[in-house]
Structure formats: C-alpha cells, structure tokens
1. Out of the total accessible area of the stretch 159-221 (probe 1.4 Å, heavy atoms of protein only), what percent is carbon and sulfur?
2. Which of Ile196, Phe184, Phe169 sits closest to the plus end of the dipole of the stretch 162-216, meaning its Cα is farthest towards the positive end, when Lys and Arg get +1 and Asp and Glu get -1 on the C-beta?
3. Tell me the relative contact order for the chain as a rounded percent, counting alpha carbon contacts under 8 Å between residues six or more apart.
4. Which residue, Gly379, Gly283, Gly139, tops the fluctuation ranking in a GNM of the chain built on C-alpha contacts under 10 Å?
5. At q = 0.07 Å⁻¹, work out log10 I(q)/I(0) for the chain with the Debye formula, treating every Cα as an identical point scatterer and leaving solvent out; two decimals please.
6. Once you've got the GNM for the chain with C-alpha springs shorter than 10 Å, pick whichever of Gly128, Gly217, Gly398 has the biggest mean-square fluctuation.
7. Counting Lys +1, Arg +1, Asp -1, Glu -1, what net charge surrounds Gln155 among other residues with beta carbon under 14 Å of its beta carbon?
8. Using 0.36 nm per residue of separation minus the Cα-Cα distance, give me the extension gain between Lys123 and Ile290 in nm, one decimal.
Amino acid sequence: MKFTFILFCLGFLNIGFSQVIQEKEPPENIKTIVFKSENETDQFPIVKLGQALQLSFDDLYADEMDYYYRIVYCNYDWTPSRLLKSQYLDGIDNQRISDYANSITTLQPYTNYQLQLPNAQTKFKITGNYILEITDSKGEPIFSRRFVVYKEAVQVGVAVKTAKEVKNFDRMQRLEITIDAPDFELVNPKQDVHVIMYQNGNFNHSIKDVTPQFISGNQLLYRYEKETSFEGGNEYLWFDTKEIRTASNSIAMVESKNRYYHYLYPDQIRNDQPYTYNPDINGDFRVRTIDAGATNSDREADYSFVYFSLPYTNEIGLDKIYVYGKFNNYQLTEENRLKIDHENQLLQTPILLKQGFYNYKYVKMGDKNQVVDYNFISGSHWETENNYTVLVYYREFGKTYDSVIGVGNASSQTISN
C-alpha cells in the first residue's frame, strides 16, 4: 500500500510539473505594461544573449509601493524547467525595482516603474524561455510576462506563401521554413529540434510541434500546406490620443471632467467587406504625448477613458465581443467586453488607457465551447500585412534544457505563390 501511494504522489507531481505556465494578468491598479527589447518596433520580448530588455508599468495607486522581480526558466513549451536558478542566472533575482517616479501634472496620478534586464544584479547564462514575475514586498505575484533569449547558432530562413488549396487561398498565409546548420550538428532533429511560429508577436497566435518535412544534409526543410498556415486576418483599427484635449480622425468627441473621456467613432463589421490596405503596427501600441513641456511620456502622459463601440446587429446577437490588442496583452477580460447600450443600439465599453497610439480589433468568444473567433468581426484576407517570428529550440545531448539556437523573421508584404 505504501509503495502504491508513493507512485501515486510521484505521478501527481509529474502531472503538475508538466503544466504550461501562463502569464499572470495584473490587478486593476497596474496599467500600461510595456516589455520589449531595445528595438522599438519589436513587440515580441526576445533578445540575443547579452542584449537588454526594458520593462515599464504604472501603479495608479501612486503610493510608491515596493515591487520586486524574479526570473523563472521554462522548457520550449513553457512548462517549468528542472534547472536550478544558479544554472540559468549569473547573480541573483528577488531584487527591488529601484527606478520609479510619480507622474507629473496629470489628472490621473500614478507611479511609473522601470526595470532593465540584464542588470548589475541579474544576468542570463543560457538561452531559452524565461518568465519575469513582478511581486509585492510579501513575495506575492502581481503580474508576469514571458520573454525569450537566443543565440545565432543556425540560420533560419522564412518565406510567406499563399495557400495552395483553392478554398483557403483568399484568407490563409503559409510559412515555408529552412533551417541551415553548416557549423552546428543537429543530432536526432525530428525529436530534439522544436520550431514555434508566432504571428505578430502574439503568444495566442502560434503553431508548434511541427517536425521537419525533409532533411537534406545540414538543412531542415518545412514545406507543409496546412501545418504551417495562419489566417491572414485583417489590418488593425487605430486611434491616437497624443493630443489628449483634441478630437482626431478616429475620435468623435473629447470630454474633460475629473478625467479625460475619448469617444471613438463606432466601428463597422468588416467580415463581408473586401480587403483595404491600412498601415498598422500589428496590434501594438506606443505611449506618447505631445503636450507642451512634456519630455518623458512614460511619466508625463495622462490617462483617459476610451469608449469603443460597434453597432448592435442580429448577426452578433448575444455573442461575447471583446476589444483586443497588445495594450491588454491580447487577453479577454470583463473590462474589455462590449456591453449593450439599448438607447443607441450600440455594443460599447470604456477602457482606461494611457495617452498614445493604439492598434485594436474586435474578437468573438463562443458561448458553448469557449473558442475564440479572431476574425468574425474583422474578416480574414491573404493580403493582410503580418509579421512572423520563428524560434528554433534544440536540446543538446546530455543537456536538461531547451536552448534557442536561431530566430527567423518574415513579413507577408513579400508574400508569393
């Protein structure tokens, strides 16, 4: 009986240990989390080993609370690694974030926090998947974000192609991938090489567990039809509140009371409309203000309630519709869900956002199976401009972790047959 109980406990531990670590979303007082590399155009938090990542966030309580950070290492599939902290960190974490300051001349007070990684206390020893956890003074997690550290041991070529099947040609984009390892031996690549593809730096839009279709000398070739295909989606909608007191092309009206209120023009359902090119930043956002005297947008930009709205139609019915973008980490929360305004026959919701340029779209969640339809409102087109990132993981013989040995990028602006 004792032996059986021990086996049961070990089995339970193994199950728990293999669970994917999800990003923890922040409480309502934590806003405007920006976590990026030094390249402003990258919304995907990925850096070469030794390069810097920058975190910024606001606490609307504005009471200069103490926040700390710690680092967790993960396997390629974001399950917990068995590595000791000393095996992946040079130095220590659990350090207080010391770079913070209160906002200046804003109606909404806040404390802005800044953290750079690596820093004097914390450096990364190896490549792979990491999670940055922000905690309070008691060690309780406040929020977390994923990031990736890589090295360039192999060359990763990515080409965006149209779908081969006629039924998918008008809405799908297909990736063809070539991994070239002239100076790096890949032993047992079908088992130990893992490729993960991301669309627009969004962890919700990924494809993984695709093995190489062909192996030719030092090359791994992925030439699939369905296995590496993404829906093209549509270009994101946008608005800009850098001039917080002034309406613009997308903002119908601005009110100023105890806070600012921006009312966007009602958006339209685009799933039955032809594709129209509209430059966007693929769901990302940029904090900025051009108010007189502002020199630091992180600590001088104000907040406003931005009202998003769609016309209520029988096609939408009682479906759950959400405002979706990098500003809310592509999460579906009650704050971002549209509610019915019977008087104006609109689906509407206000979201408190910092001044800046924002991309967004609307997505639908089904009631029965909780499956998200990302293109029900916006439609999907093969012409849509998307950025793709391909990460190559490899577990070397005798190692107990998955290193990132190469990164490939491509834009669908170069799509071809």
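The values are calculated or read from the model by the stated rules, or taken from the named source; none is laboratory data. These numbers were taken from a predicted model, which means no experiment stands behind them. Don't worry about glycine lacking a Cβ; one is built from the backbone with ideal geometry, like all the others, and counts go over all protein chains shown. In case anyone asks, the SASA skips ligands and DNA or RNA and just uses the protein heavy atoms, side chains included. Shrake-Rupley method; radii C 1.70, N 1.55, O 1.52, S 1.80 Å.
1. Numbers: 1420 of 3030 Å².
Heavy-atom surface of the stretch 159-221 belonging to carbon and sulfur, 1.4 Å probe: 47 percent.
2. Going by the charge dipole, the pick is Phe169.
3. Details: 973 pairs, mean separation 72.0, N = 417.
So the answer I get is 17 percent.
4. Highest fluctuation among the options: Gly139.
5. Log10 I(q)/I(0), no solvent term: -0.38.
6. Top of the fluctuation ranking is Gly398.
7. On the way: positive: Lys151; negative: Glu152, Asp180, Asp183.
Neighbour charge sum, excluding Gln155 itself: -2.
8. Details: separation 167, 0.36 × 167 = 60.12 nm, distance 3.57 nm.
Gain in length upon complete extension: 56.5 nm.
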